[in-house]
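Engineer: Following this message is one structure expressed as C-alpha cells.
The values are calculated or read from the model by the stated rules, or taken from the named source; none is laboratory data. Keep in mind that what you see is a predicted model, and the values were worked out from it rather than measured. Don't worry about glycine lacking a Cβ; one is built from the backbone with ideal geometry, like all the others, and counts go over all protein chains shown.
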Amino acid sequence: MVSCFSYTACRNKCFRYSFSSAGLRSSTADLGDGTIVHCWVPRTHLDHKPTLVLLHGIGANAMWQWDWFIDRFIPRFNVYVPDLLFFGDSHTTRPERSESFQARCVMAVMDAHGVRTMAVAGISYGGFVAYAMAAQFKERVERLVLICAGVSLEESDMDNGLFKVKSAEEAATILFPQSPAKLRQLLRLAFFKPPIVIPSCIANDYIRMMCTEHLQERTELVEALHKGRRFSNLAKITQPTMIIWGDEDQVFPVELAHRLKGHLGENARLTILKKTGHAINEEKPKEMYKYMKSFLVDTVLSPKDKPKDSN
C-alpha cells in the first residue's frame with residue numbers, strides 16, 4: 001500500500017507558511033523568451049531600508065536553504081529570495097546555462113520590482129550567480145557575501161585531484177541524486193557530520209519531489225560551471241566582499257577560499273568556520289548569520305579598510 005503522506009511536501013508547506021508569516025509574498029515574473037522566475041518579495045518595499053537578495057545553492061529551492069535566516073534579516077532589509085532557473089518555480093526555454101545568464105535574470109526580476117541597488121548573498125552555486133551579478137552590475141550590487149562558493153575554481157583543478165569527483169558529469173549524479181544511496185553520498189560530501197540515518201522512504205520521497213524535474217537542465221548548469229573555466233579569466237570585482245567557508249568542505253575545498261581572497265585582496269574578508277562542511281547554512285546557521293550581520297549591518301567597509309582573515 002502506497003502512503004499518501006509526503007514528508008517533503010509537508011516541509012515545503014511549512015516553509016511557505018514561514019516565508020509568508022515573515023512578511024514575504026510569492027511573485028512570478030515573466031521575463032519573455034520563455035523565461036519565468038519565481039521570487040519571494042516583500043509585501044511592502046520600504047524605501048528607507050536597504051535591499052538584500054539571497055541566492056540559494058544547488059538543491060531543493062530557495063526556501064529550504066534560507067528559511068532560518070528570513071525573519072532575522074527582514075527587520076533590517078527589504079529581502080528578496082528568488083528561485084534560480086530550473087529550481088522551484090523558475091524555468092526557461094532558452095539554451096543559456098551560465099551563471100551570467102542566471103545573474104541577468106535575477107537582475108531583471110529586481111528591475112521588475114523597481115529595485116536599483118542591493119547587497120547580494122549567495123550559497124554555493126548561488127555564490128557563482130552573486131559574483132556574476134557583482135561583475136556585470138557594478139553600480140547596482142553594493143556588497144557581496146559568498147558562502148562556500150567555488151568561483152575561483154578552474155577546469156584543471158578536477159584533473160589535478162582537488163575534488164572528490166573525477167568529472168562534472170559524476171558531480172551531477174551526486175548533486176541531483178536519483179537513489180537513496182546517491183542522496184546519502186551527497187549528505188556525506190556536504191556535511192562535516194552527516195545525518196546518521198535517512199530512511200529510504202524519506203529519501204525516495206525527497207528525490208521524487210525535488211530531484212527529478214529539470215534533471216537534464218540542472219546537469220547542464222553544473223557542466224557550464226566547469227567547462228573551460230580558468231581562474232585567470234575571473235573578473236576582479238571591487239565591491240566589499242565577505243567570504244564564509246567551512247574548513248572541512250568536500251564540495252569546494254577551502255583552498256578555493258584562499259585563492260579567491262588572494263584574488264580580491266583588501267576588498268574581501270575571509271572567515272573560515274572550524275569543523276564545518278559545505279552545508280554551512282545547515283550546520284552552522286548561527287555562526288553564518290553572525291558574520292553576515294557583522295558585515296552587512298554592523299560595519300561599513302570602505303576602500304581604506306584592511307580586513308584580516310579570521311581562522
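Engineer: Could you figure out which of (1) farther than 15 Å from V151 by Cα; (2) in a loop (DSSP other than H, G, I, E, B); (3) modelled with pLDDT of 95 or more isn't true of D249?
Structural biologist: It fails just one condition, (1).
Engineer: Which of the residues belonging to segment 235-246 are of a type in the set (V, I, T) and in a strand (DSSP E or B)? Spell out the reasoning first.
Structural biologist: Our first condition is that a residue be of a type in the set (V, I, T); within segment 235-246, this holds for 237-238, 241, 243-244.
Correct list: T241, I243, I244.
Engineer: Can you find even one residue in segment 191-205 that is within 17 Å of the chain's Cα centre (by Cα) and not aliphatic (A, V, I, L, M)?
Structural biologist: Among the residues of segment 191-205, at least one is within 17 Å of the chain's Cα centre (by Cα) and not aliphatic (A, V, I, L, M), which makes the answer yes.
Engineer: Do we find a residue being loosely packed, with under 14 Cβ neighbours inside 10 Å, of a type outside the set (S, T, N, Q) and closer than 16 Å to Q250 by Cβ anywhere in segment 154-161?
Structural biologist: To start, the set of residues in segment 154-161 that are loosely packed, with under 14 Cβ neighbours inside 10 Å comprises 156, 159-161.
With the extra rule that they be of a type outside the set (S, T, N, Q), the set shrinks to 159, 161.
Keeping just the survivors that are closer than 16 Å to Q250 by Cβ gives 161.
Yes, that holds for at least one residue.
Engineer: Condition first: touching a residue at least 12 places away in the same chain (Cβ under 8 Å) and charged (D, E, K, R). Now tell me which residues in segment 83-101 satisfy that.
Structural biologist: Residues satisfying the conditions are D83, D89, R94, R97, E99.
Engineer: Looking at the structure I just gave you, is R218 surrounded by fewer than 19 Cβ atoms within 10 Å (Cβ to Cβ) and either at negative phi or not in a helix (DSSP H, G or I) (or both)?
Structural biologist: Values: surrounded by fewer than 19 Cβ atoms within 10 Å (Cβ to Cβ): no; either at negative phi or not in a helix (DSSP H, G or I) (or both): yes.
It is false that R218 is surrounded by fewer than 19 Cβ atoms within 10 Å (Cβ to Cβ) and either at negative phi or not in a helix (DSSP H, G or I) (or both).
Engineer: Separate question: V165 is checked against (1) of a type in the set (A, V, I, L, M, F, W, C); (2) more than 21 Å from R269 (Cβ to Cβ); (3) at pLDDT 95 or above and fails just one. What number does that condition carry?
Structural biologist: For V165, the failing item is (3).
Engineer: Let me ask something else about it. Looking only at segment 276-299, decide whether some residue is at pLDDT below 95 and outside any helix (DSSP H, G or I).
Structural biologist: Within segment 276-299, one or more residues are at pLDDT below 95 and outside any helix (DSSP H, G or I).
Engineer: Oh, and also: If the Cβ limit is 6 Å and pairs must be 6+ apart or interchain, which residue in segment 32-44 that is at pLDDT 95 or above and surrounded by 20 or more Cβ atoms within 10 Å (Cβ to Cβ) pairs with which residue that is part of a loop (DSSP other than H, G, I, E, B) and of a type in the set (G, A, S)?
Structural biologist: Close Cβ pairs satisfying both conditions: V37/S90; H38/G88; H38/S90.
Engineer: Out of all the residues in segment 74-98, which are buried (at least 22 other Cβ atoms within 10 Å of the Cβ) and closer than 20 Å to G59 by Cα?
Structural biologist: The answer is Y80, V81, P82, D83, L84, L85, F87, G88, S90.
Engineer: Any residue in segment 62-82 that's farther than 9 Å from L24 by Cα: show its pairings with residues that are part of a helix (DSSP H, G or I) and among the charged types (D, E, K, R) at Cβ separation under 7 Å, as long as the two are six or more apart or on different chains.
Structural biologist: Short answer, once both residue conditions are applied: M63/R16.
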